[in-house]
Structures are given as C-alpha cells and as structure tokens.
Amino acid sequence: MRGMSLVELLLVLFLISLFVVLSTANLAATQRQLDFDQFAREIAATLETCRWKALNERCYTGVVAQQQEGIYTLSYFKDGNKNGILKQDIRQGIDVSFHRATSIYRASGDMQAAILDQGVPEIPPKKGILIPGDPVRFGKSDIISFSPDGDSSSGTLYLACQSQSRMYAVVLYGPAARITLWKYSNQQWQMVGDR
C-alpha cells in the first residue's frame, strides 16, 4: 500500500481551494443580480403604492424625483387642496408627505438611477439608442403624478447595475397608469412585470 505524496496532497488542496474561490466569485455575482432584481421591484412597488393611494382616497398623489450630488431620491406626496401635486404646495406644506422617501442608490452606487454608457437600445417598440444622462424621463417635470380617475404621468425611470451591465426600466403608461417593468441584459429588453 502506498500513501499520498506531499505533491499529490498539495495538488488536491490547490484544486479544492480553486473550486472554492471560483464558486464564491460566482455566488457573489448571483447575489448582486438578485439584489438588483429586488431593488427594481421595490421601486416599482412604491410607485404602485402611490397609484393605489390616489384611487382609494380619491385624491391626487405624486412622486417627486430629486437629484442631489448625483443620487436620486423619490419623495411621495398627497394633494391637500384638490389642484394636483405642485412644488409650491409642497414647500408651503399643503401637499403633505405620506410615505418615507426612497433613495435610488444601493451597493455604494453600483445600483442606482442611471443609464449604462454602452449603447443601450430604446425599449420596444421604439427604435434607436438611449442617450445616457437623465434617468428620470417624465417630460419636463420631475413629478410623477397619479389622479383619482386612474391616470398618471407617462414616462420611464431607468435603473442600472454597473457591475452586471444590466438595467431595469419602470415604465408608466399615463392613460391607464399601467406600470410595467422591463429588464435589459444580453443586449436586449424584456418585459418582466406588468401591474
């Protein structure tokens, strides 16, 4: 009977440690993907909350997207005087906050409101390439409003995960206040949620 030599033992230990390192790196990437998926769904759910509050309480509600030092925050307001959500009414305390503000910034900035810089195509059926810059695209306003009649602002909020080269887009279709969630990976968009 022959035992294992020191070289064979070292080779086995090297192969085991290599397997552990590779599986740990893959596990971290998978965890980041799951975190990004959850992050996008949370943002869509907070918009859905705002939508349902408008319908249930028969009042206007709105989400104000604010950028400070490159970080976007969403703040949620309820109309206090039946004229919609207005910045002036927010400053005067007429339109009041009803939900804690949501930061669109996670994992030290790896996940945030952004558009990747690598020629991302428009969401179908649109053609062309997204221009990086403003990830909150609701016309000229930074207020996403929901009415008691069931309609809303139309536009898109883009989320990016830089380390994964992936994006999500939360799209609002105004006349029905329909919220859809689109995922960008492998150079294409796919709808993954419809509310």
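Any read-out appearing in this document is the output of simple, stated calculations on the displayed coordinates, not a laboratory observation. Please read all numbers here as calculations on a predicted model, not as lab measurements. Because the Cβ atoms are built from the backbone with ideal geometry, glycine has one as well, and the counts that use them run over all protein chains shown.
Taking amide H as placed 1.01 Å from N in the peptide plane, Val192 has its amide H under 5 Å from the amide H of Leu181, Trp182, Lys183, each at least 5 places away in sequence or on another chain. Highest mean packing comes first when the peptides 150-163, 109-122 are listed by Cβ atoms within 10 Å, giving 150-163, 109-122. Applying the Karplus relation 6.51 cos²θ - 1.76 cosθ + 1.60 with θ = phi - 60° to the range 28-38 yields 3J(HN,Hα) values of 5, 5, 5, 5, 5, 4, 5, 4, 5, 4, 5 Hz, where x marks Gly and Pro. For the range 76-125, the Kirkwood estimate of the hydrodynamic radius, built from every pair of different alpha carbons, is 14.1 Å. Suppose we look only past 29 Å in the calculated P(r) of the chain. What percent of the Cα-Cα pairs does that tail hold? Tail of the P(r) past 29 Å holds 35 percent of the pairs. When the helices of the chain are scored as -39500 (n - 2.57) per DSSP H run of n ≥ 4 and the total is divided over every residue, the value at 222 nm lands at -10500 deg cm²/dmol.
Subtracting the Cα-Cα distance of Gln66 and Asp35 from 0.36 nm times their residue separation leaves 8.8 nm of extension gain. Simple spin-label estimate for Asn26 and Met4 gives 2.2 nm between the two label positions (7 Å along the Cα-to-Cβ direction from each Cα).
Relative to the globular-protein estimate of 2.2 N^0.38 Å, the Cα radius of gyration of the range 96-195 stands at 1.11. Residue-wise HN-Hα couplings along the range 134-144, as the Karplus relation 6.51 cos²θ - 1.76 cosθ + 1.60 with θ = phi - 60° gives them from phi, are 5, x, 9, 10, 10, x, 7, 8, 10, 10, 9 Hz; Gly and Pro carry x. Around the amide H of Ile115, modelled in the peptide plane, lie the amide H atoms of Gly133, all under 5 Å away and 5 or more residues distant in sequence or on another chain. From the alpha carbon centroid of the range 60-75 to that of the range 160-195 is 19 Å. Backbone geometry of the range 183-194 corresponds, through the Karplus equation with coefficients 6.51, -1.76 and 1.60 at θ = phi - 60°, to 3J(HN,Hα) couplings of 10, 10, 7, 6, 6, 8, 9, 9, 6, 10, x, 9 Hz, x marking Gly and Pro. Between Gly155 and Leu172, Gly174, the built amide H atoms are under 5 Å apart, and every one of these is 5 or more places off in sequence or on another chain.
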